[in-house]
Structures are given as structure tokens and as C-alpha cells.
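Here's the structure, in C-alpha cells; my notes come after.
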Amino acid sequence: MLNNLALLLNAKALFTKAEPLFRRMAAIFYRSQQTAGHTHPYMQSNLENYRHLLSALDVPPDDIEQWLQTATQTPGPLNPITPEEVERLLGPAQPVQMMLNALDEQYRREHKPAVWFLPLTEPIAPHLEALLGPSQLDLPLDQPVASHLEKLLGPAPSTQDVLNALDRQYREQGKPPVWFLPLGEPISPHLDELLGPIKEIKQA
């Protein structure tokens, strides 16, 4: 939520208002990592959003990582974000109908096709071609697509071709030797190398 709210402010060029939200997001991710012992799947992409914002604020490239480090090490409890604070950042909430009317006007100015203005009660399926372009397959909607995947995606490479491509990619990325273990070799003796040493669980 913080990332999305900060991105919304960022899109409106309200960089100074977005920065505290990104900073708070970084602190939460860091604390989650320390507690759970692993990185949240969205952490890196969201921190990358923060980096872009700092660049937009003209923070020197050499200082950006220091900002991130400072943000992740924010001490003490984090105060909750109140609805009043959200309203202060984004302005008062608008009625749904007003927002829909504003989008409608915007899309008409952008000359969107008529399918963009379908009534909410009208099914969209008959208009998919107008939205997405003509299908690459002359295939009725009620016919399974599985048997036509090769026509859409090209012939499937062999498993060995895929494994060879991954092997080349991982070697180019400097992955450690454990990534290239033969399939017949057990991976359990190499878990420390892959995941890092297991932390001791302290007894209460």
C-alpha cells in the first residue's frame, strides 16, 4: 500500500510528499527481513522505485545508497498512518461517480475507441478484439487453445536446450558452482552455500 501510494504521488510529481512514504516502506521491509530471516519478494522492486524517486529529487547517485541505508535503519516504533494523513497527502476523497466521469472525459479527449465507454452492464467479451486487436488464431472462444500454443509461441525447445540456456545465463551472472550441480547429486550438503548459514534458534 505504501509503495502504491508513493507511486501515485510520484506520478503527480509530488516528490517531496512521496519520499517519506518510500522511506517508511524501506524501514518496514528491513524490519520484516530481520524478523523473518529472508527478503520479501517485493522488497527489491519497491526499493528500486525509491531509488528512482531520489534521482528525481536530484539526490547525487553516490548518496542514494546512503539514503536507503538510513531509511532501513530507522530506530524506534513507526507511527501508524491515519486516514487524515492520507487525505492531507492526496486531498479529500471524491465520489466514485465523479471519478468515473473524469476518466470518461479524459478517455474521450484521448480519442479512445467506443468500446472504452461500454455500460457496466454490457458484457465485454464480444468487444475483446476491438480492445486487444485481432486474434493471431482463427479459433472460436469455446475451443481449447492448448493444441494451438505452438502456432502462437513457436515450437517448444527441448528440456536440454532450456537447461543449457539457463546454464549459460547463470555462468554469465557469476553464480557459484553449487548452481551447476549434476541432477543426480543431492543438494542438501550445499544448502549453506545457497541460503547462507542457518541461524541458531535461541531457547526462551
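Residue pairs, Cβ under 8 Å, 6 or more apart or interchain, first in segment 178-197 and under 22 Å from ASN164 (Cα atoms), second open to solvent by 80 Å² or more (accessible area, probe 1.4 Å) and not in a loop (DSSP other than H, G, I, E, B). List them.
Correct list of pairs: VAL178/GLU193; PHE180/ARG171.
For ALA11, all conditions in the list (1) within 29 Å of LEU195 (Cα to Cα); (2) open to solvent by 80 Å² or more (accessible area, probe 1.4 Å); (3) without any contact (Cβ under 8 Å) to a residue 40 or more places away in the chain hold save one; what is the number of the exception?
Failing condition for ALA11: (1).
List the number of the failed condition for HIS127; all other conditions in (1) modelled with pLDDT of 80 or more; (2) open to solvent by 70 Å² or more (accessible area, probe 1.4 Å) hold.
Single failed check for HIS127: (2).
Taking segment 96-109 as the region of interest, how many residues are in contact with a helix residue (DSSP H, G or I) (Cβ under 9 Å, 6 or more places away or on another chain) and either open to solvent by 70 Å² or more (accessible area, probe 1.4 Å) or over 25 Å from ALA130 (Cα atoms) (or both)?
1
Part of a helix (DSSP H, G or I), over 30 Å from PHE22 (Cα atoms) and either charged (D, E, K, R) or at pLDDT below 85 (or both): which single residue out of LEU163, LEU152, LEU120 fits that description?
Sole residue among the options that is part of a helix (DSSP H, G or I), over 30 Å from PHE22 (Cα atoms) and either charged (D, E, K, R) or at pLDDT below 85 (or both): LEU152.
Which condition number in (1) part of a helix (DSSP H, G or I); (2) at pLDDT below 85; (3) open to solvent by less than 80 Å² (accessible area, probe 1.4 Å) is the one that PRO189 fails?
In the conditions (1) part of a helix (DSSP H, G or I); (2) at pLDDT below 85; (3) open to solvent by less than 80 Å² (accessible area, probe 1.4 Å), PRO189 misses (3) alone.
Limited to segment 49-77, what total is found for residues that are open to solvent by 80 Å² or more (accessible area, probe 1.4 Å), assigned to a helix (DSSP H, G or I) and farther than 11 Å from ALA27 by Cα?
6
For segment 130-156, which positions are surrounded by 11 or more Cβ atoms within 10 Å (Cβ to Cβ) and either among the β-branched types (Val, Ile, Thr) or closer than 30 Å to PHE180 by Cβ (or both)?
VAL145, the sole residue that qualifies.
Restrict the check to segment 80-95 and report whether at least one residue is closer than 16 Å to ARG31 by Cβ and surrounded by fewer than 10 Cβ atoms within 10 Å (Cβ to Cβ).
Yes, segment 80-95 contains at least one residue that is closer than 16 Å to ARG31 by Cβ and surrounded by fewer than 10 Cβ atoms within 10 Å (Cβ to Cβ).
The values are calculated or read from the model by the stated rules, or taken from the named source; none is laboratory data. Computed from a predicted structure; not experimentally measured. Note: ideal-geometry Cβ built from the backbone for every residue, glycine included; neighbour counts use all protein chains shown. Side chains included, ligands, DNA and RNA excluded: accessible areas come from the protein's heavy atoms. Shrake-Rupley method; radii C 1.70, N 1.55, O 1.52, S 1.80 Å.
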